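Visitor: So that we are looking at the same thing, I have put the structure below in structure tokens.
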Amino acid sequence: MTPATPVTAAALIALIALIGLVRPASAWEAVEQVATYPVSGRTGFELYRSVGDNGPVITGDRRTIAHTTFKLTWRRDYQERADGSCVIASNIPRLIITYTLPKPRGELPPEVAASWKRFHDGLAAHERVHGQHIIEMVQAIQDVSVGLSAPADPGCHKTRAELQTHLKRLSDEQRARGRDFDRVEMGDGGAVQNLVLGLVNGP
């Protein structure tokens, strides 16, 4: 067997540098977390009534069964060039998505616990779709912003204003997408409606 060629320190450094070059500059990951609110009851009907009484408030005094919110910040590198133009050289997001879901206060009877698990898991799956919509919006913002530039733009004011138009468009698209998804899921025969019926009509 031929002995292996030793790897020198210089070769190892060069390999690490090469790995860094081939790694996508836009790579980022969302942080996803779950918050809960307490509900009580010993039957599916009682639990759902408690959901209605204690669910997160979204507008005014209107409550919902579950909710997805997010916090998004950016680390942008605006660069003024020698020719007077401005370009966004990089735009790195920090995205935290929070799924708010109900959680029973105490232990449930076994048959109710099984119905509750189906209900809870279905809600969580529904909210994760909203989370995916948010992730895709953030990726779209990064895609459109990196390399965005304007000529004769000292202070990068025109570039910033152009970016704002893209942010509004993509945010509006994400909200409309979420509303359309909820309309189907919560409408007659939709997945969320079926989850509610399964819980209420269960044990």
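Visitor: Could you give every pair whose Cβ atoms fall below 6 Å, whose first residue belongs to region 90-110 and is within 17 Å of Asp53 (Cα to Cα), and whose second residue is of a type in the set (S, T, N, Q) and surrounded by fewer than 19 Cβ atoms within 10 Å (Cβ to Cβ), counting only separations of at least 6 or pairs across chains?
Guide: Within 6 Å, the pairs are Leu101/Thr36; Lys103/Thr36; Arg105/Ser40.
Visitor: For region 116-141, which residues satisfy the criterion of being of a type in the set (A, V, I, L, M), touching a helix residue (DSSP H, G or I) at 6+ places or on another chain (Cβ under 7 Å) and within 27 Å of Gly202 (Cα to Cα)?
Guide: Of everything in region 116-141, those that are of a type in the set (A, V, I, L, M), touching a helix residue (DSSP H, G or I) at 6+ places or on another chain (Cβ under 7 Å) and within 27 Å of Gly202 (Cα to Cα) turn out to be Leu123, Val129.
Visitor: Can I ask one more? Of the conditions (1) over 25 Å from the mean Cα position of the chain (by Cα); (2) charged (D, E, K, R); (3) modelled with pLDDT of 95 or more, Arg160 satisfies every one except a single condition; which number is it?
Guide: (1)
Visitor: Of these, Val138, Val87, Val129, Val146, which one is surrounded by 12 or more Cβ atoms within 10 Å (Cβ to Cβ), touching a residue at least 60 places away in the same chain (Cβ under 8 Å) and within 17 Å of the chain's Cα centre (by Cα)?
Guide: None of the other options fit; the residue is Val138.
Visitor: Let me ask something additional. Any idea which of Gly202, Gly198 is small (Gly, Ala, Ser), part of a loop (DSSP other than H, G, I, E, B) and either loosely packed, with under 14 Cβ neighbours inside 10 Å or at negative phi (or both)?
Guide: Residue meeting the stated conditions: Gly202.
Visitor: Being in a helix (DSSP H, G or I), touching a helix residue (DSSP H, G or I) at 6+ places or on another chain (Cβ under 6 Å) and hydrophobic (A, V, I, L, M, F, W, C) is the filter here; which residues of region 144-180 pass it?
Guide: Hits for region 144-180 are Val144, Leu163, Leu170.
Visitor: Can you tell me which of (1) assigned to a strand (DSSP E or B); (2) at pLDDT below 95; (3) not hydrophobic (A, V, I, L, M, F, W, C) is the one Asp77 doesn't meet?
Guide: It is condition (2) that Asp77 fails.
Visitor: Could I ask something else about it? Spot the failing condition for Ala30; the list is (1) at pLDDT 95 or above; (2) surrounded by 15 or more Cβ atoms within 10 Å (Cβ to Cβ); (3) under 26 Å from Pro104 (Cβ atoms), and only one is missed.
Guide: (3)
Visitor: Restricting region 70-97 to residues that are in contact with a helix residue (DSSP H, G or I) (Cβ under 9 Å, 6 or more places away or on another chain) and of a type in the set (Val, Ile, Thr), which is farthest from Pro38 (Cα to Cα)?
Guide: Val87
Visitor: Give me the residue from region 47-73 that is assigned to a strand (DSSP E or B) and buried (at least 17 other Cβ atoms within 10 Å of the Cβ) and, out of that set, modelled with the lowest pLDDT.
Guide: The qualifying residue modelled with the lowest pLDDT is His67.
The values are calculated or read from the model by the stated rules, or taken from the named source; none is laboratory data. From a predicted model like this one, the values you see are computed outputs, not experimental measurements. Neighbour counts are summed over all protein chains in view; Cβ atoms, including those assigned to glycine, are modelled from backbone coordinates with ideal geometry.
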